[in-house]
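In what follows, a single structure is set out as structure tokens and then discussed.
The values are calculated or read from the model by the stated rules, or taken from the named source; none is laboratory data. Here the structure is a predicted model, which is why all the values come from computation and not from measurement. For neighbour counting, all protein chains shown are included, and Cβ atoms are generated from backbone atoms with ideal geometry for every residue, glycine included.
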Amino acid sequence: MTKSVLVTGATGFIGSRLVDELIKKGYKVTSLVRKGKEGNPKSNIIYGDLTDKKIDFKDLKFNCVFHLASHTPLEKNKKILEKVNLDGTKKLFEEIKNITNSIIYISGLGVYGETGEKVIDENQKYNPNTNFVKIRLDAEKYLKENSLKNKIDFAVVHFGDVYGSDGWFYEMLIKRLKKNTFRMPGGGDYFKGFVHVDDAVGSMISVLEEKAFGESFIIADSEPVTFKEFSNFTADQIGAKHPGSVPAFLAKAVLGGDLIKLLTTSMKVSNKKISNIYKFKYSNYKDGITQVVSELKEKNKI
């Protein structure tokens, strides 16, 4: 029997790739798409927003709901973040609780806050240090508790910085490196866990297919690296100069405190747990960036 899944945030950088891959694997995919956006025409498109009073899911039933829809840390207004990322998630749950068997919630590594130099895994306690992450964590707790009450299988994945041929990596890094206008907040000497979008998508699907519910997973490649090294390697691959830096306080004035805090918080993570059920295509940033740059060149985008 063909499995039926719902993807929220289906037109986003990660969500659109997830929809594509699920369709390739033979899933019957429903995409929740905001009006004005174009969803994958091979999926069943439902137009709606987390803030709508009602989303009409008709008579559909799902084996799993992948919940990716959310505002990003670029949104500085706390009330808007709460309305979409928390209240919207609660409302979505009320609408899907009787029509899905499982929920996979997509979050980020920011839930762990400041972790110092040690390499952390899923046993690390949550210690969020931004409003954005605290709101996302409230949504996670709500989904986890209420899924348990309603006998719905639940899992959460915490992504590192997901990169690919579109999204932030292309728009904010590649384009600006080419123009020599990119500057690293705070100098870039903080460790990050990066993950190629193909591995982000593959990991999520593995959680569903391996029935790895009742768990949380850190999703990042096998090689923690500083943002400076990551940016410099990217510059080398496209023939651009290594970027300079900008004081963090100046970057905050432009992009907002939460985003810069998340970006400049140093963190080393282990992907051992997810690697038990998923084999990474790109186990390190160098292999991943090389592939993305090759893809961008094929598309004549660089």
query: Across the range 200-244, what is the number of residues that are among the aromatic types (Phe, Trp, Tyr) and under 27 Å from Arg176 (Cα atoms)?
result: 3
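A quick yes/no check of all residues on (1) under 22 Å from Gly110 (Cβ atoms); (2) free of Cβ contacts under 8 Å to residues at least 40 places away in the same chain:
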| residue | (1), (2) |
| --- | --- |
| Asp153 | no, no |
| Val157 | yes, no |
| Glu171 | yes, yes |
| Ile174 | no, no |
| Lys178 | no, no |
| Thr181 | no, yes |
| Leu208 | no, no |
query: Where residues in the range 230-249 are touching a residue at least 24 places away in the same chain (Cβ under 8 Å) and assigned to a helix (DSSP H, G or I), which of them is nearest to His158 (Cα to Cα)?
result: Phe230
message: Against the condition surrounded by fewer than 17 Cβ atoms within 10 Å (Cβ to Cβ), small (Gly, Ala, Ser) and out of contact with any helix residue (DSSP H, G or I) (no Cβ under 7 Å at 6 or more places or on another chain), how does Gly239 come out, does it pass?
response: yes
- request: Being charged (D, E, K, R), modelled with pLDDT of 95 or more, more than 18 Å from Met204 (Cβ to Cβ) and in the same structural domain as Lys144 (by TED's automatic domain parsing) narrows it down to one of Lys58, Lys42, Lys54, so name that one.
  value: Lys42
message: If I go through the range 10-38 residue by residue, how many of them are part of a loop (DSSP other than H, G, I, E, B) and modelled with pLDDT of 95 or more?
response: 6
task: Answer yes if at least one residue in the range 167-188 is in a loop (DSSP other than H, G, I, E, B), closer than 19 Å to Pro73 by Cα, at pLDDT below 95 and within 17 Å of the chain's Cα centre (by Cα), and no otherwise.
output: yes
Evaluation of Ser31 against (1) within 21 Å of the chain's Cα centre (by Cα); (2) free of Cβ contacts under 8 Å to residues at least 60 places away in the same chain; (3) farther than 28 Å from Gly214 by Cα (one fails), failing number: (3)
